[in-house]
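The values are calculated or read from the model by the stated rules, or taken from the named source; none is laboratory data. Bear in mind the structure is a predicted one, so any value in this text is a computation, not a measurement. Here the Cβ positions follow ideal geometry from the backbone for every residue, glycine too, while neighbour counts run over all protein chains shown.
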Amino acid sequence: GPHHRVSLLSRQEVAAQLYGLSGRRAERPDATVTEVFERIAGQNPDMVAIRHRDRLWTYGELNTRANDLAHALIDAGLRPEATVAVAAQRGFGWAAAVLGVLKAGGVYLPVGTNLPDGRITACLEAGECRFVLADEQSETWTRRIAADRTVLPIGDGTPVGAATDPLVPVRPGQAAYVYFTSGSTGEPKGAVCEHAGLLNHLYAKIEDMGLAEDGPRAVVAQSASLGFDISLWQLAAPLLVGGSTRIVDTEVLQDVDAFVTEIVAGRITAAQIVPSYLEVLLARLEQEPRALGALRALSVTGEPLRRELVRRWFALYPDITLINAYGATEVSDDTMHETLTRTPETDFVPVGRPLPNVHVYVLDEHLALVPLGSPGEIIFSGVCVGRGYVNDAERTRQAFVPDPFRPGARMYRTGDFGRWLPDGRLEFLGRRDEQVRLRGFRVELGEIENRLRAVPGVRDAAVVIDRVAGEHPRLVAFHTGGSEATVPENEALRAELSAEVPAYMVPAFFHRLERLPLTGNGKVDKRLLTRLAGTL
Ligand code: ADP
């Protein structure tokens, strides 16, 4: 067991790994996001809370609409910790809905309005979700979502009146939200996180991205789509310091020049993007350098940040901090920050140090500490650790295990590999399994394979990623079936998948093989298939 193995390391080393590397110390948050927001809104009702295009809502207006929605949910029979789906576009209504759900003691579940109906229903069923808050198209939603659910309209006209907080008592250990991510078994899995983990993460973002210092001048770009937990901190963190969030439309993000203009004109002070977007941004700004106004911190997350990008960033913006943020949806979003003010000397960019109240371990396959500096699985413990996967005891048991070093606590196995650097920073070394990133989305290749195997006529399937330099990586599916005649056409396969999974999970190419190639130990030879995909 783990204790036996720990004894192979010196006491000092064990102590260093368990305590010395645990980062900053801070009080565990003993409040909820909406309590803090309510206090600030009460003190400063006329300050700007949220901007979108040329409109704004004050703290008072946002709070009023959130209170309206909280009351509507409670009147409709919402019980504490019941899931509430929010089917909305990014905007004022969405922001009020998030706060309203939390004020009512519910669990926020974002529903991407562009997802296939089958996917939405699967998430709502898994989350045993009976309530939906929907933006202006609420009739469409009533049609799209089975009729036994209560669909309440959100409304994004300027709030009037002065509805007060329903004052539902919410414990820090209560569930706050659930995000569905791709699951390798073929069904999406919903990771549930708690209020304490949420607030702890928000406080870390507030401190590390300069929001505390900027106070009412803090403006965070709300750029992430609602299926990402990133969107939650981009909304909520500035609202805890009297700052504001600025919704940046997808069309603006797609046009780098327009995004830069919005950063400058909107006096955005903090933003978070994925490395592939940083690459696009840099390419444009190197062509035509522009000052970035009030921007003081840019965080990059979701994928390894290459040193080259950091070097190029500081060549243009030596005074704007870059933060490599690392974490996972299951642990309340980011759990480690590497704050960069210049290009690192190492040939990689570390993922930094733990956030306050987060413990990070590097463990072997028996969940014992590896010697300091050796590679192992990255595992998180502390306030960040979420509840697990909604209605999925089996997958929860596999990923959320008892913490052998902190009795009574649970820890989360990321499936990522890493190693400690001598200075207490962590190096990210890659993944154990087949989780990949496509345009920023987290995708399990196994999920697509299982979906394909479920199509009548398909016997077996393997999906690989084809990376062509300078282009978006694309998915290539290989499948086997009975005879040529009974195997579905590529278009039919595409249609089947499109009805089940988001567009970014539908392979670009389908290719039929007599049989899938195997490696010496009988596994599908993905390396060979990847090479084959490159020739198609
Ligand atoms: P989040 O929603 O917190 O951004 P996801 O749950 O979508 O994270 O994805 C988590 C996985 O993404 C991690 O387990 C890791 O494999 C990868 N990842 C996230 N951030 C980084 C990073 N800064 N560097 C390398 N990989 C990262």
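Among the residues of the range 25-61, write down those that are out of contact with any Pro (no Cβ under 6 Å at 6 or more places or on another chain), part of a helix (DSSP H, G or I) and among the aromatic types (Phe, Trp, Tyr).
37
Every residue in the range 353-378 that is more than 19 Å from residue 199 (Cα to Cα), within 14 Å of the ligand (Cβ to nearest atom) and surrounded by fewer than 24 Cβ atoms within 10 Å (Cβ to Cβ), please.
Matches in the range 353-378: 377 only.
Take residue 459 and decide whether it is in a helix (DSSP H, G or I) and either over 20 Å from the mean Cα position of the chain (by Cα) or at negative phi (or both).
No; evaluated as a whole, the condition is false for this residue.
Within the range 214-250, which residues are surrounded by fewer than 21 Cβ atoms within 10 Å (Cβ to Cβ), out of contact with any Asp or Glu (no Cβ under 9 Å at 6 or more places or on another chain) and not small (Gly, Ala, Ser)?
Those that are surrounded by fewer than 21 Cβ atoms within 10 Å (Cβ to Cβ), out of contact with any Asp or Glu (no Cβ under 9 Å at 6 or more places or on another chain) and not small (Gly, Ala, Ser): 216, 217, 250.
What is the residue count in the range 153-183 for residues that are away from the ligand (no atom under 16 Å from the Cβ) and crowded, with 20+ Cβ neighbours inside 10 Å?
5
Any idea how many residues of the range 320-352 are at pLDDT below 95, away from the ligand (no atom under 13 Å from the Cβ) and either buried (at least 24 other Cβ atoms within 10 Å of the Cβ) or not acidic (Asp, Glu) (or both)?
Going through the range 320-352 one residue at a time, the tally reaches 1.
Of the residues 135, 117, which single one is under 24 Å from residue 250 (Cα atoms), under 26 Å from the mean Cα position of the chain (by Cα) and either surrounded by fewer than 18 Cβ atoms within 10 Å (Cβ to Cβ) or among the aliphatic types (A, V, I, L, M) (or both)?
When all the criteria are applied, what remains is 117.
Can you tell me how many residues within the range 226-274 are within 16 Å of the ligand (Cβ to nearest atom), under 18 Å from residue 205 (Cβ atoms) and not aliphatic (A, V, I, L, M)?
Residues meeting the conditions: 6.
Looking at residue 448, is it within 22 Å of residue 518 (Cα to Cα), within 16 Å of the ligand (Cβ to nearest atom) and aliphatic (A, V, I, L, M)?
Answer is no for this residue.
Filter the range 480-513 down to the residues that are charged (D, E, K, R), over 28 Å from residue 180 (Cβ atoms) and at pLDDT below 90 and list them by number.
484, 489, listed by residue number.
Return the only residue of 211, 198 being out of contact with any His (no Cβ under 6 Å at 6 or more places or on another chain), at pLDDT 95 or above, within 16 Å of the ligand (Cβ to nearest atom) and among the hydrophobic types (A, V, I, L, M, F, W, C).
Being out of contact with any His (no Cβ under 6 Å at 6 or more places or on another chain), at pLDDT 95 or above, within 16 Å of the ligand (Cβ to nearest atom) and among the hydrophobic types (A, V, I, L, M, F, W, C) holds for just one of 211, 198, which is 198.
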